[in-house]
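Remarks on the structure that follows.
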Amino acid sequence: MSVVVFTRNENFRQLNLWVIPVAITGGQRTITFDLLLDTGAQRTVLSFDVKDLVGGVEETGDTVRGSGMSNSSQYPIGRVRNLEIGLIALGSLDILLGSLPNPFKRKDIDGVLGADVLCQLHLNMDYPEGLLVIRGGAC
């Protein structure tokens, strides 16, 4: 089982939230983006900028109605070839595509990791120590 350890960084110090690097593969290209780990979000959402930069993120043609921090809207569903957190590869996933609220953009946060991804992981968050341990293989 792969284990990834994160320690507090500038985003954690400023926001008291975990923002972690996640490698996303669309077509033939893999790029790492900063995603907010959000245990309250049902679905993973990536910005349209991520879709454009990675390339090859296919829209399925389906949409989902959702509401979040910014508003309620329809989110197109996209498919990534692979999503990796450190050495933990989660394979092909359907994710939501959407515009992110301005506070995310100001902190260079490119998306949200929701329960659809987090349910596949064991998370241990130690806020006082500023330590996040992620293990693969929960689902």
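The values are calculated or read from the model by the stated rules, or taken from the named source; none is laboratory data. Quick caveat: nothing in here was measured; it's all calculated off a predicted structure. Quick reminder, even Gly has a Cβ in these numbers, built from the backbone with ideal geometry, and neighbours come from all protein chains shown.
Counting only residues that are within 19 Å of LYS105 (Cβ to Cβ) and at pLDDT below 85, how many does the stretch 68-83 have?
Final tally of qualifying residues: 5.
Listed here are the residues, each with its yes/no results for (1) touching a helix residue (DSSP H, G or I) at 6+ places or on another chain (Cβ under 9 Å); (2) closer than 25 Å to ASN9 by Cα; (3) in a loop (DSSP other than H, G, I, E, B); (4) of a type in the set (Val, Ile, Thr).
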{"residue": "LEU36", "(1), (2), (3), (4)": "yes, yes, no, no"}
{"residue": "THR60", "(1), (2), (3), (4)": "no, no, no, yes"}
{"residue": "GLY66", "(1), (2), (3), (4)": "no, no, no, no"}
{"residue": "ARG79", "(1), (2), (3), (4)": "no, no, no, no"}
{"residue": "ILE109", "(1), (2), (3), (4)": "yes, yes, yes, yes"}
{"residue": "HIS122", "(1), (2), (3), (4)": "no, yes, no, no"}
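Got at least one residue in the stretch 93-104 being surrounded by 14 or more Cβ atoms within 10 Å (Cβ to Cβ), in contact with a Ser or Thr (Cβ under 6 Å, 6 or more places away or on another chain) and either more than 23 Å from ASN11 (Cα to Cα) or modelled with pLDDT under 95 (or both)?
Within the stretch 93-104, one or more residues are surrounded by 14 or more Cβ atoms within 10 Å (Cβ to Cβ), in contact with a Ser or Thr (Cβ under 6 Å, 6 or more places away or on another chain) and either more than 23 Å from ASN11 (Cα to Cα) or modelled with pLDDT under 95 (or both).
I'd like to verify a number: residues in the stretch 2-34 that are under 20 Å from LYS105 (Cβ atoms), touching an Asp or Glu at 6+ places or on another chain (Cβ under 6 Å) and either buried (at least 17 other Cβ atoms within 10 Å of the Cβ) or among the small types (Gly, Ala, Ser) (or both), how many?
2
Looking only at the stretch 38-50, decide whether some residue is part of a loop (DSSP other than H, G, I, E, B), modelled with pLDDT under 90 and either in contact with a strand residue (DSSP E or B) (Cβ under 7 Å, 6 or more places away or on another chain) or buried (at least 17 other Cβ atoms within 10 Å of the Cβ) (or both).
no
Residues to consider are SER67, SER99, SER73; find the one that is within 16 Å of the chain's Cα centre (by Cα) and among the polar types (S, T, N, Q).
Just a single option satisfies the conditions, and that option is SER99.
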